[in-house]
Amino acid sequence: MKATSAMALLVLAVTAQPAHAQDAAAGEQVFKKCLPCHSIGPGAKNKVGPELNGLDGRHSGAAPAYSYSAANKNSGVVWNEQTFKEYIKDPRGKIPGTKMFFPGIKNEKDIDNLWAYLKQFGPDGSKK
């Protein structure tokens, strides 16, 4: 009986996959939706929206030389996987008063992949 339970656990552990594995290459394709307003990577500059280098762990409203709304500056949001995923689904719902006019990305896999792409860039734009 113990051997059967152990085997069942082993099979479960080997076959279990995360619901949404993150794929940075696919996230780069999703980022094309963001390119009109945002840039990332070496030499990224603020556009209509702030550059996104070093987003993971950055405080909302903190990109240098970008003119943020008071809502973003005062939101208290620190960007991480959870806060980003909540925000990108409905930016104005997460931070009422934000200047970001974007309907959001609703597809969970696209959001996971987009986060995988964004989080790989450090504050200087180089990949970690």
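Spin-label pair ASN80-LYS99: with each label point 7 Å from Cα along the Cα-Cβ axis, the two points sit 2.8 nm from one another. Here the extension length gained between VAL48 and ALA62 equals 3.5 nm, from 0.36 nm per residue of separation less the Cα-Cα distance.
Restricting to DSSP loop positions (anything but H, G, I, E, B) with no more than 11 other Cβ atoms inside 10 Å of their own Cβ, which trypsin sites (Lys or Arg not before Pro) remain in the stretch 18-61? Mind showing how you got there, number by number?
Details: sites: LYS32, LYS33, LYS45, LYS47, ARG58; in loops: LYS45, LYS47, ARG58.
Counting only loop positions with at most 11 other Cβ atoms within 10 Å, the trypsin sites (Lys or Arg not before Pro) in the stretch 18-61 are LYS45.
Mind listing which chymotrypsin sites (Phe, Trp or Tyr not before Pro) in the stretch 34-120 are in a DSSP loop and have 11 or fewer other Cβ atoms within 10 Å?
Working: sites: TYR66, TYR68, TRP79, PHE84, TYR87, PHE101, TRP115, TYR117; in loops: TYR66, TYR68, TRP79, PHE101.
Sparse-neighbourhood loop chymotrypsin sites (Phe, Trp or Tyr not before Pro): PHE101.
Solvent exposure of the stretch 19-125 amounts to 51 Å² per residue of accessible area, where only protein heavy atoms count and the probe is 1.4 Å.
Over 22 Å between Cα atoms: which of LYS45/LYS89; LYS32/LYS127; LYS45/LYS119; LYS32/LYS109 fall into that group? Can you show the working numbers first?
On the way: LYS45/LYS89 24 Å; LYS32/LYS127 18 Å; LYS45/LYS119 17 Å; LYS32/LYS109 15 Å.
Table pairs above 22 Å Cα-Cα are LYS45/LYS89.
Bridgeable aspartates and glutamates around LYS94 (alpha carbons under 18 Å apart, same-chain partners fewer than 8 residues away excluded): ASP56, GLU81, GLU86, GLU108, ASP112.
The values are calculated or read from the model by the stated rules, or taken from the named source; none is laboratory data. Please read all numbers here as calculations on a predicted model, not as lab measurements. Neighbour counts run over all protein chains shown; Cβ positions are idealised from the backbone, glycine included. Note: areas computed on protein heavy atoms with side chains; ligands, DNA, RNA excluded. Shrake-Rupley method; radii C 1.70, N 1.55, O 1.52, S 1.80 Å.
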